[in-house]
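These notes concern the structure reproduced below.
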Amino acid sequence: MTIKQGKTASISFSDTAAFYKEWMTDPARVGSLVPSSDRLSALITRHVDPAYGPVLELGPGTGVFTRMLIHRGVRQEDLTLVEFGHDFAASLKERFPAAKIICLYAGRLWHTRSDFPLHGAAVSGLPLLAMPRRKVFRIVRGAFALLDPSACLFQFTYGWRCPIPTVILDRLGLQAERVGTVVRNFPPASVYKVARR
């Protein structure tokens, strides 16, 4: 897959300011002290081919992964961005006017699944490690309800293992595989590909 030449997906000063504003408001929901790096953005989006069709992004925040998806050739019109933070969602609407921005808790996706088309891939920046298992189950179940049967979810984590507990993977008939680690990220982060068995 060829990455389009031109402007990179690096984070700006205003993005950083917006990130810290949200972090001070609700640190547990944001889940990190620093925004994701360009290297992590490149890793988590590496296997998302624009030919897959619509792409679902959970917890886009300032849009670091979103910009990288567009940089890789995904059209704004093919993006569904699910963001619970109202300030983040408002900013995303300004920056990506052609994308579908949904201001919604990702755990509610299961209940609204009939309102969405099936997506060819999903990328998640949600801090699953900081969430109770019940919430993680709802989010993952909802995401896969919106994914084509052959589609994968790409999830990053600062932990040493998959942030989706094995019991949840088993219950949902999923499997997880680590696709890479970014040591030069603060803190170091790994990306997992989660797919149906």
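The values are calculated or read from the model by the stated rules, or taken from the named source; none is laboratory data. Just so we're clear, the structure is a prediction, and the values are computed from it rather than from any experiment. We place every Cβ from the backbone using ideal geometry, glycine too, and count neighbours over all the protein chains shown. Each accessible area value is taken on the protein alone, full model and side chains, heavy atoms only, with ligands, DNA and RNA left out. Shrake-Rupley method; radii C 1.70, N 1.55, O 1.52, S 1.80 Å.
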- Could you list, in sequence order, all residues of the stretch 91-108 that are crowded, with 18+ Cβ neighbours inside 10 Å and either at pLDDT below 95 or hydroxyl-bearing (Ser, Thr, Tyr) (or both)? SER91
- Message: For the stretch 36-56: of the residues being over 19 Å from GLY180 (Cα atoms) and assigned to a loop (DSSP other than H, G, I, E, B), which is modelled with the lowest pLDDT?
- Response: GLY53
- Taking the condition surrounded by fewer than 23 Cβ atoms within 10 Å (Cβ to Cβ) and either over 14 Å from the mean Cα position of the chain (by Cα) or under 21 Å from SER37 (Cα atoms) (or both), does GLY120 pass? no
- Query: Which of the residues that make up the stretch 147-197 are closer than 20 Å to THR45 by Cβ and of a type in the set (S, T, N, Q)?
  - Reply: SER150, GLN155, THR157, THR181, ASN185, SER190
- Task: Would you mention how many residues in the stretch 109-153 are of a type in the set (Ser, Thr, Tyr), over 14 Å from VAL194 (Cβ atoms) and modelled with pLDDT of 95 or more?
- Result: 0
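Which of the following residues is closer than 23 Å to PRO60 by Cβ and either surrounded by fewer than 17 Cβ atoms within 10 Å (Cβ to Cβ) or touching a Leu at 6+ places or on another chain (Cβ under 7 Å) (or both): PHE186, PHE154?
PHE186
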- Message: Which count do you get for residues in the stretch 174-183 that are open to solvent by less than 30 Å² (accessible area, probe 1.4 Å) and outside any strand (DSSP E or B)?
- Response: 0
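Here's the yes/no breakdown for (1) in contact with a His (Cβ under 7 Å, 6 or more places away or on another chain); (2) modelled with pLDDT under 95; (3) farther than 18 Å from ALA145 by Cα; (4) of a type in the set (Lys, Arg):
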| site | (1), (2), (3), (4) |
| --- | --- |
| LEU58 | no, no, no, no |
| ARG67 | no, no, yes, yes |
| GLU77 | no, no, yes, no |
| VAL82 | no, no, no, no |
| ALA89 | no, no, yes, no |
- Select, from THR181, THR157, the only residue that is within 15 Å of VAL136 (Cα to Cα) and out of contact with any Gly (no Cβ under 7 Å at 6 or more places or on another chain). THR157
- Query: How about the stretch 125-148: which of its residues are of a type in the set (D, E, K, R) and closer than 25 Å to ARG67 by Cβ?
  - Reply: ASP148
